[in-house]
Amino acid sequence: MQKMRTMLYVDDVEQIVDFWQEKLAAQVVEVNALPDGSENIVVTVAPNVELSFFAKSFIRQYSPEVLGDTPSLIFYSEDFEALHKRLATAGEIVVNNGTRTFNFRDPEGNYFVIGEAK
């Protein structure tokens, strides 16, 4: 299976990476120094799934055409109930297409979804 990496543009890379590590057990797999002095940090959030965080200020300077809304992402977890309890911003559990899901908000107000792995 190929690895999927999604790039996300945030205001505070370190704060967001800390959130993903603390709340969703993400593991840092790469830290890259960027020309403006900031860092790009890549985390693994599931087997073969990585999130690559860049500061919006870097993207504005070097690639403003790609700066836009956060994509809609759903992550599947066998630890569904525990994640729902652990995430203070977790929404109500609902059933979508036969799968239990809930959304949550990160510290910058971006929303993501957790689906129950079967």
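The values are calculated or read from the model by the stated rules, or taken from the named source; none is laboratory data. Just so it is clear, the model here is predicted, and its values are computed rather than measured. Using ideal geometry, Cβ is built from the backbone for each residue, glycine included, and neighbour counts are taken over all protein chains shown.
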>> Cβ contacts < 8 Å: first residue buried (at least 17 other Cβ atoms within 10 Å of the Cβ) and outside any loop (DSSP other than H, G, I, E, B), restricted to the range 34-56; second residue of a type in the set (Phe, Trp, Tyr) and at pLDDT 95 or above, any location; separation 6+ or different chain. Result?
In response: Ile41/Phe53; Val42/Phe53; Val43/Trp20; Val43/Phe53; Val45/Trp20; Leu51/Trp20
> Thr44 fails exactly one of the following numbered conditions: (1) under 21 Å from Glu30 (Cβ atoms); (2) in contact with a Lys or Arg (Cβ under 7 Å, 6 or more places away or on another chain). What is the number of that condition?
Replying inline: (2)
>> Can you confirm whether Glu30 is on the phi < 0 side of the Ramachandran plot, part of a strand (DSSP E or B), of a type in the set (Asp, Glu) and crowded, with 17+ Cβ neighbours inside 10 Å?
In response: no
>> Give me the residue from the range 60-114 that is aliphatic (A, V, I, L, M) and part of a loop (DSSP other than H, G, I, E, B) and, out of that set, nearest to Val43 (Cα to Cα).
In response: Leu73
>> Of the conditions (1) more than 17 Å from the chain's Cα centre (by Cα); (2) closer than 21 Å to Phe104 by Cβ, Val17 satisfies every one except a single condition; which number is it?
In response: (1)
>> For the condition on the phi > 0 side of the Ramachandran plot and at pLDDT below 95, what is the one hit in Asn110, Asn97, Asn103?
In response: Asn97
>> Residues that are among the basic types (Lys, Arg), surrounded by 15 or more Cβ atoms within 10 Å (Cβ to Cβ) and either under 30 Å from Lys118 (Cα atoms) or without any contact (Cβ under 8 Å) to a residue 12 or more places away in the chain (or both): does the range 80-99 have at least one?
In response: no
